[in-house]
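The structure appears right after this line, and notes come after that.
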Amino acid sequence: MKALDKNDLKGVIAAWMQEHLVLAPVRMSKGDCLFDTYQEDLFTLDYKKPPLFPKALFLPHNEVVFEARANKLREVISARDTILFGIRSCDMMGLLQSTSFMTRDREDVFYSAKKEKAVTIVMACPGRQNETCFCTTTFSGPVARKGFDLQFFDMGDNFIIETGSEKGKELVSSLPFSDIDFGLAARMIKTFKEKAVGAIPVIDDVYEAMRRLKDGTAGDGVWEHLGGKCIMCGGCAFVCPTCTCFNVCDHEHGPGNGVRSRAWDACLYGGFTREASGHNPRPTQASRLRRRHEHKLLYYNETDINGGLCGCVGCGRCSDYCPVHIGTLEVAAEIAGKKNQG
Ligand code: SF4
Ligand code: SF4
């Protein structure tokens, strides 16, 4: 275990920037916070859940993957040494799930190249960021269990730092990082964790929804009702750290020239599963919404594939941003029979 005086943090980040792009929480003009290129005057440690999350670094919203010039094809793989400083535990777990999807079976080289060059530094969550956080329900926070290179614990005047990889160890191997007695650090982290866990309620509706989805008692009426509300904006997928769907498009720029790009897609869009024949196996919004929530709460249920309990890491963003208030928390409540179908 290592320790760092808080006053030394900006100097440490400045040193890291000699060799890395550093992305960190920065305050925007309206007061909200994003992960963006580190800027000393905008950097903040006083931040809540940012609207976007680190997956976009490895799977950008829109990315060219091939280009053709005079009939010569080449892959476009761009990656640079990057440090992601201060991501929360739920996003770390989301990143593990995204990485699992993008690298199992057939490796997505465009994603992997970026991921391999990245160092992930978690800032353990001190408690509930807002009323939609439910990481204690999905076992994905408030303290990360794996996946990180470093995990910082904010102890007031200083940080205690847990190392999770050789890359992480290297970053904290010299001054101003100092050694701290392991037993003392472990006790402080235990106290930190107990306080943080106690501040984030466990949502029984989520477990009940998982149970009903598993035993087939969720009922079609729930999906008909929720599907009637969904306006197909795709927002829930775009803010979700575990969603990885994308569409691929070719753009011709004259004979022999062009690019192939991919862009985020969403399973709640009407055309997402439409096949070339015109047949759509998910023809209604009810069936698409059901599919989405089965992915979040059913298929990975109890397998603990990558640090969480299921395909949802309990960040609550879909509940924060869905314009018609049918994020995962609301859907789980409805499946659990806690909401009137009005
Ligand atoms: S489904 Fe919603 S709460 Fe779960 S990880 Fe995705 S955005 Fe977060
Ligand atoms: S954010 Fe809400 S309205 Fe938009 S696609 Fe998702 S469930 Fe539907």
Beta bridges by DSSP in the chain, antiparallel share as percent, to the nearest 5
75 percent
Taking the convex hull of the Cα atoms, report for the chain its projected area averaged over all directions, in nm².
20.1 nm²
The range 209-289 -> Rg/Rh from Cα coords, Kirkwood Rh, value 1.11
Probe 1.4 Å, accessible area per residue of the range 36-133, Å²:
46 Å²
Using a Förster distance of 30 angstrom, determine the FRET efficiency expected from the C-beta separation of E19 and S112, and round it to 0.05.
0.90
Put a dot 7 Å past each Cα toward the Cβ at K30 and N247; how far apart are the dots in nm?
2.6 nm
Spin-label proximity, N130 to the range 185-226 - amide N less than 20 Å from point 7 Å beyond Cα toward beta carbon:
199-203
Two-site FRET efficiency, E170 against N62, from Cβ-Cβ distance with R₀ of 35 Å, rounded to 0.05:
0.60
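Can you tell me the relative contact order of the chain? Whole percent, Cα pairs under 8 Å, sequence separation 6 or more.
21 percent
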Could you name the aspartates and glutamates whose alpha carbon sits less than 17 Å from that of K6, not counting residues in the same chain fewer than 8 places away?
E40, D41, D46, D154, D157, E162, D179
Using a Debye calculation, one point per C-alpha and no hydration shell, please list log10 I(q)/I(0) for the range 50-110 at q = 0.12, 0.19, 0.20, 0.21 Å⁻¹ in order.
-0.39, -0.84, -0.91, -0.97
Between N280 and E75, 0.36 nm times their residue separation minus their Cα-Cα distance comes to what?
70.6 nm
Using a probe of 1.4 angstrom, how much of the accessible area of the range 48-142 is carbon and sulfur, in percent?
53 percent
Taking the convex hull of Cα positions in the range 1-98, its mean projected area over all directions (nm²):
9.1 nm²
Let me understand the range 111-194 better: what is its radius of gyration from the alpha carbons, and its Dmax, in angstrom?
14.1, 40
First obtain the Kirkwood hydrodynamic radius of the range 203-255 from its Cα pairs, then insert it into the Stokes-Einstein equation at 10 °C and 1.306 mPa s, and state the resulting D in µm² per second as a whole number.
108 µm²/s
Please go through the range 1-99 and write out the trypsin sites (Lys or Arg not before Pro) that DSSP classes as loop and that have at most 14 other C-beta atoms within 10 Å.
K30, K48, R80
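For the cross-link pairs K115/K296; K2/K169; K146/K214; K214/K338; K115/K169, which exceed 20 Å when the distance is taken from alpha carbon to alpha carbon?
Flagged as over cut-off: K115/K296; K146/K214.
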Given the peptides 314-325, 229-240, 97-108, 178-189, arrange them by the average over their residues of other C-beta atoms within 10 Å, most packed first.
314-325, 229-240, 97-108, 178-189
The summed charge of the I161 Cβ neighbourhood (under 11 Å; Lys/Arg +1, Asp/Glu -1) stands at -2
Any idea what the relative contact order of the range 17-116 is, in percent, if you count C-alpha pairs under 8 Å spaced at least 6 apart?
29 percent
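The values are calculated or read from the model by the stated rules, or taken from the named source; none is laboratory data. Quantities reported herein were computed from a predicted structural model and do not represent experimental measurements. Don't worry about glycine lacking a Cβ; one is built from the backbone with ideal geometry, like all the others, and counts go over all protein chains shown. To get the accessible areas, we keep the full protein, side chains included, count just its heavy atoms, and leave off ligands, DNA and RNA. Shrake-Rupley method; radii C 1.70, N 1.55, O 1.52, S 1.80 Å.
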